[in-house]
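Since the structure comes first, as structure tokens, the remarks are kept for the end.
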Amino acid sequence: MKRSLIVGLLLGSSALVNLGQAYRIWQLEDHIAVMKGENQLKEGSPVPPLAILNSAGTRTVIPVGDRRPLIVYWMSPGCGWCQRNEANVHALIQQIGERYRVAVLTMSARGATTYDSIRRLGVPVLGEPDASTSRVYRFGGTPQTIVIGSDGKVLRVWSGAYMGRLKQDVEKYLYVSLPGLSDLSTGSPAHD
């Protein structure tokens, strides 16, 4: 009797541990899918207008499908990679001229007030996307760049700061030359 009770407890404990591990694996597979970009928008997908909440809580709608394509840059005030990528974003905005419209979105409506340097370039830093926009656009980690064509379909999606191959792809696709990531301690371009 004592032995069967111990065996039963051990089997029950083992089953609980296995269930816990299965749950952790399921979560990790989801994280890996996000990191691989499997949960991102797909090129060619049609997207609706962007609905944004500003710091006053007012809803703003940014149309897609305009005569000029739209570049959506998704960032976060506390994101170190976003800060290091800021010089690249400045260069991109300055070089694209009238070929594209630009919308800079943040994870927090309050964060929209922290990017004066981008605002000085004539690009509004908007607040956070509303829940339905976040769901459709699949905003994840920051920084993220989405290019939407004049037909309202996704042309490109880049996740991460502009370095290495990603930097080269952005430069080639948008016909720009980017300085590279900034070193946060000095503010000057670092080698990427």
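The values are calculated or read from the model by the stated rules, or taken from the named source; none is laboratory data. Since the structure is predicted, the reported quantities are computational estimates derived from the model, not experimental observations. Methodologically, a virtual Cβ is constructed for each residue, glycine included, from the backbone with ideal geometry; neighbour enumeration extends over all protein chains shown.
Residue pairs whose Cβ atoms lie under 7 Å apart, separated by 6 or more positions or on different chains, with the first residue in region 126-149 and of a type in the set (Val, Ile, Thr) and the second surrounded by fewer than 16 Cβ atoms within 10 Å (Cβ to Cβ), are Val136/Pro48. Pairing each residue of region 66-77 that is farther than 14 Å from Gly152 by Cβ and without any contact (Cβ under 8 Å) to a residue 40 or more places away in the chain with any residue that is among the polar types (S, T, N, Q) and assigned to a strand (DSSP E or B), provided the two are 6+ apart or on different chains, yields C-beta distances under 7 Å for Pro77/Thr106.
Tallying residues that are outside any loop (DSSP other than H, G, I, E, B) and touching a Ser or Thr at 6+ places or on another chain (Cβ under 6 Å) within region 54-73 yields 1. Filtered by the rule that a residue be in a strand (DSSP E or B) and either within 24 Å of Asn54 (Cα to Cα) or of a type in the set (Asp, Glu) (or both), region 130-153 gives Gln144, Thr145, Ile146, Val147, Ile148. For the condition part of a loop (DSSP other than H, G, I, E, B), surrounded by 17 or more Cβ atoms within 10 Å (Cβ to Cβ), touching a strand residue (DSSP E or B) at 6+ places or on another chain (Cβ under 6 Å) and modelled with pLDDT under 90, Leu41 qualifies.
Among the numbered conditions (1) part of a helix (DSSP H, G or I); (2) at pLDDT below 90; (3) in contact with a Lys or Arg (Cβ under 8 Å, 6 or more places away or on another chain), the only one that Asn88 does not meet is (2).
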